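*Asks:* Got a structure here, written out as structure tokens. Questions coming.
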Amino acid sequence: MADISIALGGGGVKGIAHLGVLKKLKEEGFNIRAIAGTSAGGVAGSVFSANIPLSEVRQSLSNLNNRHFFSRSHQDRPSLLGLRGLVNILTPLLKNRTFEDLEIPFAVTTVDIHTHNEYIIHTGPIIEAVLATAAIPGVFPSIKIGSYRIIGWRNFRSCPCGGSTLVSA
């Protein structure tokens, strides 16, 4: 079958459906060469690129405590909600993995909140980058990476097409 690169857009909780689509593509013989994600697509892309079994992802989601999913960390920037629950789901799955550790090349798309410059993150710690692409100004806290204050690219564009081109090259 064909080699393909995939761009996964946002969609909140519905973004978990990306995992089922990726699994089906793989079962049908498609070779997924690279994945780029924004927001929920970044979450799904991160665990798929790390080759985490879907059963482990489902187990983590079933253990989710809805009361605390949107809790805030003392380090969070000002926002209505936090992403502590997302950290609690991703940490046991991804541990301290970096993009360089992944089996499938992966990137997340983000934007600097001050300059509105787009950034494609494809090196360094995965969880930090996923939190950045999930950030929504005022709703979920922005993430500081280097000298940048990063939010999700979905706030500007819903599909990270440029990221899939970068990681598949």
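The values are calculated or read from the model by the stated rules, or taken from the named source; none is laboratory data. All values reported here derive from a predicted model rather than from experimental measurement. Reconstructed Cβ throughout: ideal geometry from the backbone, glycine too, with neighbour counts over all protein chains shown. Note: areas computed on protein heavy atoms with side chains; ligands, DNA, RNA excluded. Shrake-Rupley method; radii C 1.70, N 1.55, O 1.52, S 1.80 Å.
*Asks:* On the given criteria, is GLY29 in a loop (DSSP other than H, G, I, E, B), within 16 Å of SER5 (Cα to Cα) and either open to solvent by less than 20 Å² (accessible area, probe 1.4 Å) or of a type outside the set (Val, Ile, Thr) (or both)?
*Replies:* yes
*Asks:* All but one of (1) within 19 Å of ILE143 (Cβ to Cβ); (2) touching a residue at least 40 places away in the same chain (Cβ under 8 Å) hold for ALA44, so report the exception by its number.
*Replies:* The number of the failed condition is (2).
*Asks:* How many of the residues in the range 3-60 are of a type in the set (A, V, I, L, M) and at pLDDT 90 or above?
*Replies:* Total meeting the criteria: 16.
*Asks:* For the range 91-139, give me each residue that is more than 21 Å from ILE6 (Cα to Cα) and open to solvent by less than 30 Å² (accessible area, probe 1.4 Å).
*Replies:* Of everything in the range 91-139, those that are more than 21 Å from ILE6 (Cα to Cα) and open to solvent by less than 30 Å² (accessible area, probe 1.4 Å) turn out to be LEU93, ASP112, ALA135.
*Asks:* Related question: Suppose we filter VAL21, VAL57 for residues that are open to solvent by 80 Å² or more (accessible area, probe 1.4 Å), among the aliphatic types (A, V, I, L, M) and either over 15 Å from the mean Cα position of the chain (by Cα) or within 19 Å of LEU131 (Cα to Cα) (or both); which single one remains?
*Replies:* VAL21
*Asks:* Follow-up question, since we're still on this one. Let me confirm something: among ALA34, ALA50, ALA107, which residue is of a type outside the set (Phe, Trp, Tyr), in contact with a Leu (Cβ under 9 Å, 6 or more places away or on another chain) and under 24 Å from VAL139 (Cβ atoms)?
*Replies:* When all the criteria are applied, what remains is ALA107.
*Asks:* Right, here's the next one. Would you tally the residues in the range 1-17 being surrounded by 17 or more Cβ atoms within 10 Å (Cβ to Cβ) and over 11 Å from the mean Cα position of the chain (by Cα)?
*Replies:* Of the residues in the range 1-17, 4 are surrounded by 17 or more Cβ atoms within 10 Å (Cβ to Cβ) and over 11 Å from the mean Cα position of the chain (by Cα).
*Asks:* Another question, then. Would you check which residues across the range 71-87 are closer than 21 Å to VAL47 by Cα and open to solvent by 50 Å² or more (accessible area, probe 1.4 Å) and list them?
*Replies:* ARG84
*Asks:* Yes or no: GLY42 within 21 Å of GLY124 (Cα to Cα) and not aliphatic (A, V, I, L, M)?
*Replies:* For GLY42, the condition - within 21 Å of GLY124 (Cα to Cα) and not aliphatic (A, V, I, L, M) - is met.
*Asks:* Search the range 140-166 for residues being modelled with pLDDT under 55 and within 26 Å of LYS95 (Cβ to Cβ), and hand back the single one that is most open to solvent (accessible area, probe 1.4 Å).
*Replies:* The selected residue is LEU166.
*Asks:* Just to check your reading of the model, which residue among VAL13, VAL111 is of a type in the set (A, V, I, L, M) and touching a strand residue (DSSP E or B) at 6+ places or on another chain (Cβ under 9 Å)?
*Replies:* VAL111
*Asks:* Sort out which residues of the range 36-54 are touching a Cys at 6+ places or on another chain (Cβ under 8 Å) and either among the β-branched types (Val, Ile, Thr) or surrounded by fewer than 16 Cβ atoms within 10 Å (Cβ to Cβ) (or both), and write them in order of number.
*Replies:* Passing the criteria: only THR38.
*Asks:* Looking at ALA7, ALA36, which one is closer than 19 Å to ILE145 by Cβ and assigned to a strand (DSSP E or B)?
*Replies:* Result: ALA36 is the single residue among ALA7, ALA36 that is closer than 19 Å to ILE145 by Cβ and assigned to a strand (DSSP E or B).
*Asks:* Another one. Taking the condition acidic (Asp, Glu) and farther than 14 Å from ILE126 by Cβ, does GLU100 pass?
*Replies:* no
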